[in-house]
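> Could you have a look at this structure, given as structure tokens, before my questions?
The values are calculated or read from the model by the stated rules, or taken from the named source; none is laboratory data. Since the structure is predicted, the reported quantities are computational estimates derived from the model, not experimental observations. Neighbour counts run over all protein chains shown; Cβ positions are idealised from the backbone, glycine included. Ligands, DNA and RNA are excluded from the accessible area calculation, which covers all protein heavy atoms including side chains. Shrake-Rupley method; radii C 1.70, N 1.55, O 1.52, S 1.80 Å.
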Amino acid sequence: MMVYGAIFGCLSPILSVSAFLSYKSPFVYPKDERQNVERAKLTLLNDKQDGPGDGNDIDRQSDHLLMMIAYKRWETILNE
């Protein structure tokens, strides 16, 4: 994965996703919390930096990309 990240010039995000994979997913939830988790995912997708998404983005994004969006959002808030 890291070799492909270096080849395609996206090593930093790939390293972040690799680090995310070594820890428990933040999107694991009890059965009764499903709506709250889905709402949080949708909020992250709508707040992504490359513009607002439509409501169907939640079906097209993987948890890995959502974690990357969350990390970039955290990094932006930290820098502010």
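> Sorting Tyr4, Tyr71, Tyr23 by accessible area (1.4 Å probe), largest first, what list results?
Numbers: Tyr4 145, Tyr71 75, Tyr23 175 Å².
Order by accessible area, largest first: Tyr23, Tyr4, Tyr71.
> So how much accessible area does Val3 have, in Å² to the nearest 10, using a 1.4 Å probe?
Rounded to the nearest 10, the figure is 100 Å².
> With a cut-off of 11 Å, note down the residues of region 1-17 whose backbone N falls inside the zone around a label point 7 Å from the Cα of Tyr71 toward its beta carbon.
11-17
> For the residue pair Ser62 and Asn36, what label-to-label distance in nm results when each label sits 7 Å from Cα along the Cα-to-beta-carbon direction?
In this crude label model, Ser62 to Asn36 measures out at 2.8 nm.
> Determine ³J(HN,Hα), in whole Hz, for all residues of region 11-16 in sequence, where each value follows from phi through the Karplus function 6.51 cos²θ - 1.76 cosθ + 1.60 and θ = phi - 60°; x replaces Gly and Pro.
In residue order, the calculated couplings are 5, 4, x, 5, 5, 5 Hz.
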